[in-house]
Amino acid sequence: MKNGTDTTYRQKNNPLPKISLAIIVLLGAVIYSNSFDCSFHFDGLRHIVHNSAIRGLSDVTTWWNYNPNRPVSIFSIVLNYHFFNLDVRYWHLVNLFIHLINALLVRWFTLLILSSPALRDRPIVKHKEAIALVTALLFVSHPLATQSVTYVIQRMTSLAALFYLLSLALYMKGRLAGKGSRISYLLFSGSVVSAILAMLSKENAYTLPLAVILMELFFFQDQKFSVNLRNYRVIALLAACLAVTGVVLVKFPLSIFNPIQSMSGHVVTITPLKYLFTQFSVIVKYIQLLILPANLHLEYDFPISDSFLQPATLFSFLFLSSLVFLAVYLFKKERIISFGILWFFLTLSIESGIIPIHDVIVEHRTYLPSVGFFLILSTGIYSLLWNRRRFMAIVVWSLLIVSWSFLTYKRNPVWTDEITLMSDNIEKAPAFARPYSNRGVAYWKQKEYDKAIADFSRAIELNPEYQDAFYNRGVVFEEVGAYDRAVDDYSRVIALDNNHIKAYYNRGVAYYRLGGFTKAIDDYSRAIGINPEYADAWNNRGVVYVNLREYDKAIADFSRAIEIRPEYTDAFSNRGATFFNLGEYEKAVADYDRALEIDPEFTQAMINREIAYRNLENKNPGSGRKPN
């Protein structure tokens with residue numbers, strides 16, 4: 001057709017698409033340019049820095065089984081470590097690259113929506129390039145995304161969003177390509193592959209089939225909702241929903257609904273119902289943070305709701321319900337706004353539903369849902385202002401993008417290290433216990449013991465049942481030699497959790513330092529009772545038996561520790577010393593030999609072996625051999 005030919009010609013000669021791509025990438029690169037020196041934090045330390053499972057690229061079984069629900073995310077971590085080790089700059093570079101790709105996908109996704117059959121006659125379609133650019137710039141610049149970009153381990157969130165958006169974009173492109181088109185089958189295949197990759201990146205992607213249904217209803221249907229069970233697409237989508245439901249039922253046990261005990265900052269147990277009630281207020285908070293991204297911080301001191309009838313819970317529910325009704329009401333006139341509202345709720349549904357999660361509110365959960373918000377914002381401002389006050393629409397969009405870019409740039413340095421991050425958190429949530437405990441750990445690592453103890457004490461003051469704070473303070477007391485105070489803190493931990501194995505073990509160490517050998521043996525025995533494979537507990541109990549001159553028991557314990565951990569140099573050395581005390585110098589030399597085979601730099605074992613060898617020579621002249 002003539003019109004189709006003219007449109008194609010204009011698109012080919014329109015410089016705006018290329019300019020748009022450049023603007024999006026340049027803005028994102030600039031506002032995150034000060035994030036590259038920010039360190040690894042919290043889960044990043046556990047999953048990356050101290051994670052031996054990610055060290056071997058070819059050891060697929062190990063890294064896949066490390067987190068079988070998110071192997072794609074783990075694979076990206078394995079690749080990052082393989083090529084760049086722990087150079088944090090390259091980890092941030094990859095995170096930024098993913099964020100920029102997502103921004104470009106948001107632009108493409110918006111263009112596809114504005115090219116859909118349901119919107120082809122709307123005036124906004126004439127300006128779809130500009131609308132898509134604005135939507136992508138709002139996405140790339142918003143400071144709420146910093147937790148998904150600058151917090152390295154939250155790559156899992158942004159990577160899942162990448163495959164989620166790519167899957168939907170490919171699906172829409174396939175639908176727009178026309179029925180029976182060869183390219184459409186390739187696009188649909190790519191959409192399925194991307195969907196699988198999204199679901200293997202993070203669990204919130206399991207909503208993807210429902211998102212496809214949402215797009216079908218909003219952008220490929222007439223004014224009325226209709227379902228034709230003879231349509232192969234309908235059958236395929238229903239089959240996909242059933243398949244995903246089956247996978248979820250098989251992969252995830254019912255224990256995911258177990259209550260979360262009060263132990264890390266919160267002072268109440270979080271049941272599924274309490275979590276759901278709390279999420280009504282949490283979602284309202286997310287909306288507020290999207291509209292006004294002020295006072296951002298890592299861990300929120302958010303009240304847990306005990307009842308649906310609590311005022312905050314009830315009003316939040318009514319507000320959210322009104323948004324759903326608004327989405328239904330606007331379906332005919334403002335489909336994009338209606339779609340954006342339902343998208344927001346759908347993509348939040350897994351993490352803001354009835355499955356209790358340790359943190360009731362975290363900013364990175366808004367990363368994918370925010371796409372719906374930005375669609376609403378860009379198209380809503382267009383609808384309100386474009387025809388009457390076009391300049392005002394441009395000014396509003398520009399002010400939002402510039403101000404959010406500035407706030408994002410200012411937010412990044414907060415992630416420099418754990419002390420800057422937690423100090424910011426404490427300033428914004430001074431009554432929440434966990435940031436104090438986390439900063440205390442950071443001070444402890446820097447050997448600023450007085451500051452660490454002060455922070456742990458403040459955390460305990462705010463939450464008298466905070467196990468981690470008691471335990472961590474006990475560790476610091478032990479390290480500075482205040483063993484009696486360490487015993488008190490470990491005892492408090494054990495009173496809160498009778499199976500806290502590390503508290504028993506560490507209290508055993510403190511009792512030993514205080515000369516309470518019998519109590520130390522009792523604690524090591526309790527630790528062994530909880531975990532019979534606890535080699536350190538066997539070794540330390542053997543040391544106490546040596547002090548009590550119960551050498552046979554000591555040798556038995558050292559031998560058990562070696563059986564559990566064949567490369568345990570301290571256990572070999574300690575057993576060698578025990579044999580020495582019994583005058584069995586040949587056995588002592590053999591144990592010191594083994595310790596030195598494992599660690600040739602083990603100075604004490606080298607010295608003790610020399611002494612044992614001399615005693616063996618004095619006892620039996622001419623026997624034995626000269627140590628290496």
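Quick notes on this structure:
- All conditions but one from (1) hydroxyl-bearing (Ser, Thr, Tyr); (2) surrounded by fewer than 18 Cβ atoms within 10 Å (Cβ to Cβ); (3) assigned by TED's automatic domain parsing to the domain that holds residue 404 apply to residue 58; the one that does not is (3).
- Single residue of the range 342-367 satisfying the filter (small (Gly, Ala, Ser) and modelled with pLDDT of 95 or more) that is surrounded by the most Cβ atoms within 10 Å (Cβ to Cβ): 352
So that you can scan it fast, the table gives a plain yes or no per residue for (1) in contact with an Asp or Glu (Cβ under 6 Å, 6 or more places away or on another chain); (2) surrounded by 16 or more Cβ atoms within 10 Å (Cβ to Cβ):
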position: 394; (1), (2): no, no
position: 399; (1), (2): no, no
position: 414; (1), (2): yes, yes
position: 420; (1), (2): no, yes
position: 423; (1), (2): no, no
position: 436; (1), (2): yes, yes
position: 450; (1), (2): no, no
position: 455; (1), (2): no, yes
position: 462; (1), (2): no, yes
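- Scanning the range 76-87 for residues that are surrounded by 19 or more Cβ atoms within 10 Å (Cβ to Cβ) and among the hydrophobic types (A, V, I, L, M, F, W, C), we see that the one that is nearest to residue 134 (Cα to Cα) is 77.
- Positions within the range 432-445 being touching a residue at least 40 places away in the same chain (Cβ under 8 Å), assigned to a helix (DSSP H, G or I) and farther than 26 Å from residue 511 by Cβ, in sequence order: 433, 434, 435, 438
- From 377, 320, 296, residue being modelled with pLDDT of 95 or more, aliphatic (A, V, I, L, M), in a loop (DSSP other than H, G, I, E, B) and under 28 Å from residue 151 (Cβ atoms): 296
- Filter result for the condition that a residue is touching a residue at least 24 places away in the same chain (Cβ under 8 Å), under 43 Å from the mean Cα position of the chain (by Cα), over 21 Å from residue 531 (Cβ atoms) and not assigned by TED's automatic domain parsing to the domain that holds residue 534, over 577, 612, 595, 588: 595
- Options 308, 317, 339; residue that is touching a helix residue (DSSP H, G or I) at 6+ places or on another chain (Cβ under 7 Å), over 25 Å from residue 102 (Cβ atoms), crowded, with 16+ Cβ neighbours inside 10 Å and not polar (S, T, N, Q): 317
- Wholly within the range 446-541, helices (runs of 4 or more DSSP H) carrying at least 2 residues that are under 30 Å from residue 563 (Cβ atoms) and modelled with pLDDT of 95 or more: 467-479, 483-496, 501-514, 517-530
- Yes/no for residue 557 being assigned by TED's automatic domain parsing to the domain that holds residue 523, surrounded by 17 or more Cβ atoms within 10 Å (Cβ to Cβ), of a type in the set (Asp, Glu) and assigned to a helix (DSSP H, G or I): yes
- Taking the listed residues 625, 614, 594, 609, the one that is part of a loop (DSSP other than H, G, I, E, B), among the charged types (D, E, K, R) and either at pLDDT below 95 or surrounded by fewer than 19 Cβ atoms within 10 Å (Cβ to Cβ) (or both) is 625, with no other qualifying.
- Exactly one residue out of 563, 617 is farther than 30 Å from residue 503 by Cα and not small (Gly, Ala, Ser), and it is 617.
Here's the yes/no breakdown for (1) within 16 Å of residue 38 (Cα to Cα); (2) touching an Asp or Glu at 6+ places or on another chain (Cβ under 9 Å); (3) of a type outside the set (Phe, Trp, Tyr):
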| residue | (1), (2), (3) |
| --- | --- |
| 59 | no, no, yes |
| 66 | no, no, no |
| 72 | no, no, yes |
| 82 | no, no, yes |
| 85 | yes, no, yes |
| 93 | yes, no, yes |
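- Pairs with Cβ under 7 Å, 6+ apart, first in the range 383-405 and in contact (Cβ under 8 Å) with a residue 12 or more places away in the chain, second outside any helix (DSSP H, G or I): 383/334; 393/386; 404/142; 404/293
The values are calculated or read from the model by the stated rules, or taken from the named source; none is laboratory data. Every value quoted in this text rests on a predicted model; they were computed, and no experiment measured them. Backbone-built Cβ (ideal geometry, glycine too); neighbour counts: all protein chains shown.
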